[in-house]
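Encoded as structure tokens, the structure appears first; notes follow it.
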Amino acid sequence: MCHSYQILHKHGIPDENIIVMMYDDIANSRNNPTPGIIINKPDGLDVYKGVPKDYTGKDVTPENFLKILQGKDMTGIGSGKTLKSTKDDNVFVYFADHGAPNIIAFPRGELHAKDLQEAILAMNATKTYKNMVFYIEACESGSMFNKHKLPKDIDIYATTAANNKESSYACYWDKKRKTYLGDVYSVKWLEDSDTADFSKETLFEQFTLVKKETNTSHVQEFGNITLGKVSVLGQFQGMLDTNSVDLSSNRRKNETKAVPRVQITDAVPSHDVIVHTLKRRIEDTEDEYERASLIYQLEMEHDARAKVVKTATSIVRQIYSSDRKVTRILSSHANVDRPHCYKKAVTHFRNKCYDFTEVEYALRYVYVLANLCDQDLQTDLIIRAIDSVC
């Protein structure tokens, strides 16, 4: 998120035209060995300095996101900034967090595909943009658009890190910080924008490059494909080239083609980041006490994941006694044919069973709720099953 701000700022978009929502728990975390500094590539430059803090912490919610997007009143919340675009303005939206079928997650709560689509259609009806572009980094992010299709006549182009069935991937392990610094899809578009000629490279060309180099998941595009082919990056990410810090290791913009592409070799599924992080830390430490502590944390993580699976299975068994039916519900990919039922069930599951912020792995099993809803069961029956288990 910070890196994307630096790109827009570097290319002349003023802060009053940029709205940043980020939880802001990295720079000053006790686990950050470089307090006040954030990097998102090995040996990278600080991307945190100067980033506006319009909405942080508890203000980073799906409800606030939709209000900001639609230009609704945010007085008394964060900076209060909302989108003030008109029918003559281009809008660029970049989102990065966890995801699940028809969901992109926030630190508190989740945004469902149907709610995002309704907000987009409302913006189109009120003519609050000329063209709008979405880049979405999240697991199963393609599900935000593949069923709730973007009409081609509303001038919106979207790309996602993954299709509607797969995980997105984290990458760039940093031994000093003991964490992964980026996500493959995001790293690829950000690093391309670091060096691209914004007056020539089109959105579609960036999509094509990112799709080719993101070999861990299937990058998707939706909406008005023609818009992506005729629009250059500068129309959405800024046309000017200022003297701001160059995040491409101080290479000049006209050296784009000469910059070698870094092959990512350490990518891991986003939902397995905690497990891989603990394993790497166990391998790297020479302190026996720390090793024992990390092994214990890994065992607790595996136990927590097993509990999530048991919880999901038990919820299904509250409704069906047939092993074959239970297996089918647990093994089928979610279609989300009844989004209202699904939204209510997911919200209840989060409130009664698992806080997704604390137990991220629980997001991997909300598809079960979609499958139950798609059996044409009464929503209240699913809610009661959740109550019985949790």
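The values are calculated or read from the model by the stated rules, or taken from the named source; none is laboratory data. Predicted model, so just to flag it, every value in this text is computed and none were measured. Positions of Cβ are backbone-derived with ideal geometry, glycine not excepted, and every protein chain shown enters the neighbour counts.
Of the residues 97, 89, 73, 59, which is of a type in the set (Asp, Glu) and within 25 Å of residue 361 (Cβ to Cβ)? Outline the logic, then answer.
Values: 89 fails: within 25 Å of residue 361 (Cβ to Cβ); 73 fails: within 25 Å of residue 361 (Cβ to Cβ); 59 fails: within 25 Å of residue 361 (Cβ to Cβ).
Residue meeting the stated conditions: 97.
Does residue 46 satisfy being farther than 23 Å from residue 161 by Cβ and either out of contact with any Phe, Trp or Tyr (no Cβ under 7 Å at 6 or more places or on another chain) or free of Cβ contacts under 8 Å to residues at least 60 places away in the same chain (or both)?
Details: farther than 23 Å from residue 161 by Cβ: yes; either out of contact with any Phe, Trp or Tyr (no Cβ under 7 Å at 6 or more places or on another chain) or free of Cβ contacts under 8 Å to residues at least 60 places away in the same chain (or both): yes.
When the stated conditions are applied, residue 46 passes them.
Residues checked against (1) outside the structural domain of residue 151 (by TED's automatic domain parsing); (2) touching a residue at least 60 places away in the same chain (Cβ under 8 Å); (3) outside any helix (DSSP H, G or I):
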site	(1), (2), (3)
163	no, no, yes
167	no, yes, yes
177	no, yes, yes
191	no, yes, no
206	no, no, no
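Just the residues that are surrounded by 15 or more Cβ atoms within 10 Å (Cβ to Cβ) and at pLDDT 95 or above, please, taken from the range 348-360.
Hits for the range 348-360 are 348, 349, 350, 353, 354.
Which of the residues belonging to the range 285-302 are outside any helix (DSSP H, G or I) and loosely packed, with under 13 Cβ neighbours inside 10 Å?
Step one: filter the range 285-302 for residues outside any helix (DSSP H, G or I), giving 285-287.
Matches in the range 285-302: 286, 287.
Quick grid of which residues meet (1) crowded, with 22+ Cβ neighbours inside 10 Å; (2) at negative phi:
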residue: 149; (1), (2): no, yes
residue: 159; (1), (2): yes, yes
residue: 163; (1), (2): no, yes
residue: 169; (1), (2): yes, yes
residue: 172; (1), (2): no, no
residue: 180; (1), (2): no, yes
residue: 219; (1), (2): yes, yes
residue: 226; (1), (2): no, yes
residue: 233; (1), (2): yes, yes
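Mind listing whichever residues of the range 93-129 are among the polar types (S, T, N, Q) and either assigned by TED's automatic domain parsing to the domain that holds residue 362 or in contact (Cβ under 8 Å) with a residue 60 or more places away in the chain (or both)? Talk me through it step by step, then tell me what you get.
As a first pass, look at the range 93-129 and keep what is among the polar types (S, T, N, Q): 102, 117, 124, 126, 128.
Matches in the range 93-129: 102 only.
I'd like to check something: does the range 23-38 contain any residue that is buried (at least 21 other Cβ atoms within 10 Å of the Cβ), touching a residue at least 60 places away in the same chain (Cβ under 8 Å) and either assigned to a loop (DSSP other than H, G, I, E, B) or more than 21 Å from the chain's Cα centre (by Cα) (or both)?
Checked the range 23-38: no residue is buried (at least 21 other Cβ atoms within 10 Å of the Cβ), touching a residue at least 60 places away in the same chain (Cβ under 8 Å) and either assigned to a loop (DSSP other than H, G, I, E, B) or more than 21 Å from the chain's Cα centre (by Cα) (or both).
Please find, among 319, 282, the residue that is of a type in the set (Val, Ile, Thr) and either assigned to a helix (DSSP H, G or I) or in the same structural domain as residue 101 (by TED's automatic domain parsing) (or both). If you could, list the steps in order and put the result at the bottom.
Values: 319 fails: either assigned to a helix (DSSP H, G or I) or in the same structural domain as residue 101 (by TED's automatic domain parsing) (or both).
Being of a type in the set (Val, Ile, Thr) and either assigned to a helix (DSSP H, G or I) or in the same structural domain as residue 101 (by TED's automatic domain parsing) (or both) holds for just one of 319, 282, which is 282.
Please go through the range 53-68 and give me each residue that is buried (at least 18 other Cβ atoms within 10 Å of the Cβ) and outside any helix (DSSP H, G or I), ordered by number.
Answer for the range 53-68, where residues must be buried (at least 18 other Cβ atoms within 10 Å of the Cβ) and outside any helix (DSSP H, G or I): 54, 55, 60, 61.
What are the residues in the range 148-165 that are charged (D, E, K, R) and either modelled with pLDDT of 95 or more or touching a Lys or Arg at 6+ places or on another chain (Cβ under 9 Å) (or both), if any? Before you say what the answer is, go through the steps one by one.
Pass one, the range 148-165, residues charged (D, E, K, R): 149, 152-153, 155, 165.
If the condition is that a residue be charged (D, E, K, R) and either modelled with pLDDT of 95 or more or touching a Lys or Arg at 6+ places or on another chain (Cβ under 9 Å) (or both), then 155 is the only one that fits.
Among the residues that make up the range 218-229, is at least one of them part of a loop (DSSP other than H, G, I, E, B) and in contact with a Gly (Cβ under 7 Å, 6 or more places away or on another chain)? It would help to see each step written out before you state the result.
Taking the range 218-229 as the starting set, the residues that turn out to be part of a loop (DSSP other than H, G, I, E, B) are 218-219, 224.
After this cut, where a residue has to be in contact with a Gly (Cβ under 7 Å, 6 or more places away or on another chain) as well, the list is none.
Checked the range 218-229: no residue is part of a loop (DSSP other than H, G, I, E, B) and in contact with a Gly (Cβ under 7 Å, 6 or more places away or on another chain).
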